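Structure, as structure tokens:
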Amino acid sequence: NKKFVDFVNVDISPKVKPDLIHDLNKFPYPFDDNSADYIYANEIIEHLKYPEKFLIEIKRILKQDGEFFIKTPCYPYKYIYDIIFDHRFSRWENEHVSKFTYSRFKNLILKHFPQSMILCHGKFLPRKVIAYNPPISRLK
């Protein structure tokens with residue numbers, strides 16, 4: 001777990017020494033409306049029971065001209081990748097309560113952030129899907 005400077009690092013576990021201990025399955029989040037310039041959620045959404053509520057909270061917290069980055073494993077490709085490469089990643093399987101295909105992730109993100117870019121990455125198969133929501137000012 002990396003800790004980012006100039007960010008409010010949030011985690012449910014005190015072991016990682018976050019700036020704020022909070023369960024992201026509990027709403028609302030303890031942030032003011034329109035208070036964040038940038039939200040970085042690297043492999044978080046798949047651990048949440050309510051990914052759509054998470055995005056609603058992101059939208060509430062993010063400033064009008066804010067930006068976000070969200071990355072998550074991509075299913076069913078992840079299963080194929082695990083089989084090919086000897087199940088290296090299966091230990092996290094029980095922790096992933098929300099699983100996303102490229103289409104499911106794209107549709108969910110675009111429902112709340114229609115200007116977002118959705119990308120896949122992986123050397124052999126698309127193992128991760130990424131959503132990037134640029135500031136509105138950059139789109140003009």
Which residues qualify? For His96, with a placed amide H closer than 5 Å and at least 5 residues away or on another chain, they are none
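Leaving ligands and nucleic acids out of the surface, order Cys120, Cys74 by accessible area at 1.4 Å, largest first. Walk me through the numbers on the way to the answer.
On the way: Cys120 60, Cys74 0 Å².
Descending accessible area places them as Cys120, Cys74.
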For segment 99-108, just list the computed ³J(HN,Hα) in residue order, Karplus coefficients 6.51, -1.76 and 1.60, θ = phi - 60°, integers in Hz, with x standing in for Gly and Pro.
10, 10, 7, 4, 5, 5, 4, 4, 4, 5
Amide H of Lys128 versus every other amide H placed in the peptide plane: which residues, excluding those fewer than 5 positions away on the same chain, fall under 5 Å?
Cys74, His121
With DNA, RNA and ligands ignored, accessible area of Asp11 (1.4 Å probe; Å², nearest 10):
40 Å²
Tell me the accessible surface of Lys49 in square angstrom (1.4 angstrom probe, heavy atoms of protein chains only), to the nearest ten.
140 Å²
According to a simple spin-label model (label point 7 Å from Cα along Cα-to-Cβ), what is the distance in nm between Asp65 and Tyr40?
2.2 nm
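Would you mind getting me the FRET efficiency between Phe27 and Phe4? Use the beta-carbon distance for r and R0 = 22 Å, nearest 0.05.
Numbers: r = 23 Å, r/R0 = 1.06.
E(calc), rounded to 0.05, equals 0.40.
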Solvent-accessible area of His47 with every protein chain in place, 1.4 Å probe, in Å² to the nearest 10:
60 Å²
For segment 48-59, Karplus couplings with θ = phi - 60° (6.51, -1.76, 1.60), whole Hz, Gly/Pro x:
9, 6, 10, x, 5, 5, 4, 5, 4, 5, 4, 5
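If you rank Glu95, Glu67 by how much accessible surface each has, with a 1.4 Å probe, what is the order from largest down?
Largest accessible area first, the residues go Glu95, Glu67.
The values are calculated or read from the model by the stated rules, or taken from the named source; none is laboratory data. Values in this document were obtained by computation on a predicted structure and should not be read as measured data. So basically every Cβ, Gly included, is an ideal-geometry build from the backbone, and we count neighbours across all protein chains shown. Side chains are part of the model used for accessible areas, which takes the heavy atoms of the whole protein and leaves out ligands, DNA and RNA. Shrake-Rupley method; radii C 1.70, N 1.55, O 1.52, S 1.80 Å.
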